[in-house]
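Asker: After the structure tokens below, expect a handful of questions from me.
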Amino acid sequence: MSIVNTPADTASRPPVKVPAPSAYVSARSAPSAAVPAPSAAVPAPSAAAPAPSAPTGSSLPTGGPASPVPTATPELRRQELAAFLRSRRERITPEQVGLPSTGRRRTPGLRREEVAQLASVGVTWYTWLEQGRDIQVSGQVLAAVSRALLLDPNERAHLYTLAGAADPMPSEDCPMVTPAVQRVLDQLSPLPAAVLNARYDVLAYNDTYVKLLGELDDLPFEQRNLIWLLFTSPEYRTRYLDPESASRTVVARLRTGLAEHVGDPAWKALLCRLRQASPEFEEAWARHDVAAQVADGIKGFVHPVVGSLRMNYTSMWLGPRQGARVTVYTPIDEESEARLQQLTRL
């Protein structure tokens, strides 16, 4: 709306001196009649000046360009990578990765130099990576950082995505279970079947497997480990017909496998957690027994509803012999066969 002065107004009021555009009148001291209506168009001054303080509803121009809309630039992605690395570093204690405790810390989790030590990279390089600087990052170095931070498969994939690097290959200790492999497991039902790695992490399984040994979906990734469950879960331990023998065997095989992964943070972290959580494991570990991984054998299980089952297990490796394997359990006798059929109907 424009304001028009009538002749009577102009005759009774002396002329008003308009200040130069660069000299703005403070809105706090100006009379309300001098403030233009919100819809009035106010021309922008030729010289850029800071926007004055104005009453609510006024639309005085600032003279500056409109702010650009943020886009997914490499810089923003590096910032997200930095935040992700810090969050994962701060959730890990030195004891989890086999480092000695140095008393009270000012910040939670590992220090940057400790992550660099575990990943065998330079402290300055890792610091720059966590600060979101524009540096060269290789897939092999990211794999080392992933192991040092105990990332699960989803977190590892997220790390590579943020870094804009291609995973050279899924780690043989923790491969991605493809939909095709999961379909094979499902098709093997009613036979219990699972994908395990050399550390006895359970990477995938079918419905019959969890009915036989207990639910796994609700457990954190790092606790889906058969050795961990044998020594820390009384409920899981009762599912074995001879838990003492099973415990001795897996500890001996863990020691054998560790010889090929000396210095690997994931192996060191598992060993440290087990020794701290279970005196029984510590006692078994101190015996220094070793045993080779075998492709087949016999195991006995006890289900709280159907009773005992004697099963023959067969392992088929998905890659290198010490990598991931599909383990399938088949009943040995007719009684175990009948109880397995009963188990699938639960």
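Just so you know, all these numbers are worked out from the coordinates, no wet-lab data involved. Remember, predicted model here, so these are calculated numbers, not experimental data. Positions of Cβ are backbone-derived with ideal geometry, glycine not excepted, and every protein chain shown enters the neighbour counts.
Asker: May I ask you to derive the FRET efficiency for residue 332 and residue 216 from their Cβ-Cβ distance with R0 = 22 Å, giving the value to the nearest 0.05?
Answerer: On the way: r = 25 Å, r/R0 = 1.11.
That gives a FRET efficiency of 0.35.
Asker: Please state the shape class of the range 88-228: rounded when a/c is under 1.5, otherwise prolate if a/b exceeds b/c and oblate if not, all from the C-alpha gyration tensor. Walk me through the intermediate numbers first.
Answerer: Working: a/c = 3.08, a/b = 1.69, b/c = 1.83.
Oblate.
Asker: State whether the range 74-163 is rounded, prolate or oblate according to the following rule on the C-alpha gyration tensor (a ≥ b ≥ c being the square roots of its eigenvalues): a/c under 1.5 gives rounded; otherwise a/b larger than b/c gives prolate, and the remaining case gives oblate.
Answerer: Details: a/c = 1.71, a/b = 1.57, b/c = 1.09.
Note, shape of the range 74-163 comes out prolate.
Asker: Still on this structure, please answer the following. Rounded to the nearest 20 Debye, what is the dipole magnitude of the range 255-301 about its Cα centre when Lys and Arg each give +1 and Asp and Glu each give -1 at the C-beta? Kindly include the intermediate steps, with their values, before the conclusion.
Answerer: On the way: 6 positive and 7 negative charges, 22 e Å.
In total the dipole reaches around 100 debye.
Asker: Once you sort the root eigenvalues of the Cα gyration tensor of the range 218-267 as a ≥ b ≥ c, which label holds: rounded (a/c under 1.5), prolate (a/b larger than b/c) or oblate (the other case)? Don't skip to the end; give the middle numbers.
Answerer: Numbers: a/c = 3.96, a/b = 1.37, b/c = 2.90.
Verdict is oblate for the range 218-267.
Asker: Between residue 291 and residue 138, what is the label-to-label distance in nm when each label sits 7 Å out along the Cα-to-Cβ direction?
Answerer: 4.0
Asker: Further question: Tell me, what is a quarter of the convex hull surface for the C-alpha atoms of the range 193-302, in nm² with one decimal?
Answerer: On the way: hull surface 26.8 nm².
The orientation-averaged projected area of the Cα hull of the range 193-302 comes to 6.7 nm².
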